[in-house]
1. For residues in the stretch 32-67 being part of a helix (DSSP H, G or I) and touching a strand residue (DSSP E or B) at 6+ places or on another chain (Cβ under 8 Å), which is farthest from Leu279 (Cα to Cα)?
2. Please verify whether the stretch 86-94 includes one or more residues that are within 16 Å of the ligand (Cβ to nearest atom), assigned to a helix (DSSP H, G or I), under 23 Å from Ile216 (Cβ atoms) and not acidic (Asp, Glu).
3. Go through the stretch 303-352 and give me each residue that's on the phi > 0 side of the Ramachandran plot and touching a residue at least 24 places away in the same chain (Cβ under 8 Å).
4. Got at least one residue in the stretch 120-127 being among the hydroxyl-bearing types (Ser, Thr, Tyr) and part of a helix (DSSP H, G or I)?
5. Can you give me the number of residues within the stretch 127-144 that are more than 10 Å from the ligand (Cβ to nearest atom) and either closer than 17 Å to Lys372 by Cβ or not charged (D, E, K, R) (or both)?
6. Condition first: in the same structural domain as Gly95 (by TED's automatic domain parsing), surrounded by fewer than 18 Cβ atoms within 10 Å (Cβ to Cβ) and either over 30 Å from Ile178 (Cα atoms) or among the polar types (S, T, N, Q) (or both). Can you find one or more residues in the stretch 308-316 that meet it?
7. Taking strands (runs of 3 or more DSSP E) that do not extend beyond the stretch 196-285, which have at least 2 residues that are out of contact with any Phe, Trp or Tyr (no Cβ under 9 Å at 6 or more places or on another chain) and surrounded by 24 or more Cβ atoms within 10 Å (Cβ to Cβ)?
8. Any residue in the stretch 179-199 that is more than 11 Å from the ligand (Cβ to nearest atom), hydrophobic (A, V, I, L, M, F, W, C) and under 19 Å from Asp321 (Cα atoms)?
Amino acid sequence: MSTNQFPLSGTPQHLVLAQLQELRNSDAGWYGPKMFIGGSYFGGENVLELSNNASRLYQNYNALYAGKMFPSLVAIEKKVISSCLDLLGASSNGGGSLTTGGTESLLLAVMAARNWAKVKRPTSNKPEILIPEAAHPGFDKAAHLMDLKPVRLSQSPEYRADTTQLENAVTPNTIMIIGSAPSYPYGITDPICKIADIAQRHQLWCHVDACHGGFILPFARQLGRTVPEFDFSVAGVTSISVDIHKLGYANKGVSALLVANSELQEYQRYSFTNWPAGLYTTMGISGSRSAGGLSSAWAVINHLGTAGYQEIVSEILQARDQLIAGIETIKGLFVIGNPDSYLVAIGSDDLDVLGIDNMMSDKGWVTSQLHKPPAIHLFLDRANAMNIENYLNELIEVITAYRAGERAAERDSTAYAR
Ligand SMILES: Cc1ncc(COP(=O)(O)O)c(C=O)c1O
């Protein structure tokens with residue numbers, strides 16, 4: 001007999017809410033001083049309150065119907081897109097559309113490239129996409145869904161895309177080349193100028209995945225930090241994905257796919273008429289989508305402005321410097337490569353870093369792990385930035401205990417998100 005069961009009688013509202021609150025309390029929460037993981041993008045209590053309030057105003061508005069029912073949403077969407085275009089160096093020819101998240105932005109970029117190639121660069125065999133080793137799996141998911149061939153290439157010794165390999169891998173079937181700004185595993189930006197140059201010479205669609213960097217690298221540069229070239233100011237960059245629900249501090253459900261030339265947006269469009277309800281046309285992959293993330297994006301961008309984001313980015317970069325300097329003083333540990341933003345991976349030549357991270361986890365530190373090379377993976381945000389000293393101190397204690405023979409229970413933790 002099935003154990004599935006639809007609730008029989010209704011439960012009063014206050015009890016349902018109390019039960020939900022209890023369920024929520026059984027989790028550790030999504031941000032906190034010991035959480036160094038991608039479930040947390042905390043921009044401060046006041047920013048959180050604003051984004052929640054702004055989100056609530058439009059939570060039940062369906063952005064799919066914006067043109068027909070909600071002129072205010074059309075204006076809100078326009079403002080958010082134009083802010084992102086400005087931030088990422090687009091010219092007045094640039095265009096963009098909002099999606100529900102980074103993965104949808106990647107799917108959309110690949111779909112647009114595929115449709116563009118059908119017209120501009122037809123291939124005789126299955127179209128191929130060149131994907132550096134550390135790029136997000138969303139590109140492979142896109143290739144899987146659209147029956148394209150993903151070509152993953154190993155990275156350079158600096159943990160960046162290897163442009164020699166990328167160029168050697170171009171075939172008459174290649175339609176698209178990808179770079180990350182930065183990559184999730186190492187927080188290191190690929191050589192976008194070289195990637196875009198390959199794209200120009202071989203007539204490829206060049207996509208830069210700035211889902212992580214889009215709201216940190218431009219402000220880091222404004223603060224005088226050395227930031228690699230990665231945006232539309234680089235000739236040959238066709239599209240950029242940027243997640244406003246990550247370092248933009250909007251509520252979940254909002255990302256953007258930007259294009260250097262708004263004419264390219266037509267390659268994103270899907271239209272259908274052969275059913276009884278008339279024209280169905282979308283610029284994204286999803287149909288209905290809540291406008292809550294979008295309204296919170298509008299509110300947070302307008303509230304923080306350049307000065308507000310600079311303040312947060314400055315805090316995070318100081319925390320990163322403190323973390324890197326601290327790791328460099330701990331015998332046996334090193335920081336992988338030269339991270340550009342707020343993602344830092346810590347490796348070791350002689351210690352079992354994953355075992356050590358498991359011991360840190362027993363002390364309440366929530367992190368991710370890499371398996372190539374084995375490394376502790378840390379996200380920095382406003383909730384943990386003030387806690388770097390404690391992290392480093394406990395790490396030293398744990399390493400001392402490890403060297404003395406202590407171990408954490410075995411566990412398999414090198415999963416990105418499950
Ligand atoms: C570099 C990069 N691109 C894209 C994504 C996908 O974003 P989302 O989880 O919002 O779908 C991620 C997620 O962490 C990412 O790290």
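1. Step by step, filter the stretch 32-67, then rank; the result is Tyr58.
2. no
3. Gly332, Gly337
4. No: zero hits.
5. Within the stretch 127-144, residues that are more than 10 Å from the ligand (Cβ to nearest atom) and either closer than 17 Å to Lys372 by Cβ or not charged (D, E, K, R) (or both) number 10.
6. The answer is no, given that none of the residues of the stretch 308-316 is in the same structural domain as Gly95 (by TED's automatic domain parsing), surrounded by fewer than 18 Cβ atoms within 10 Å (Cβ to Cβ) and either over 30 Å from Ile178 (Cα atoms) or among the polar types (S, T, N, Q) (or both).
7. 255-259
8. Checked against the condition, which is being more than 11 Å from the ligand (Cβ to nearest atom), hydrophobic (A, V, I, L, M, F, W, C) and under 19 Å from Asp321 (Cα atoms), the stretch 179-199 yields at least one hit.
The values are calculated or read from the model by the stated rules, or taken from the named source; none is laboratory data. None of these values were measured; they are calculated from a predicted model. We place every Cβ from the backbone using ideal geometry, glycine too, and count neighbours over all the protein chains shown.
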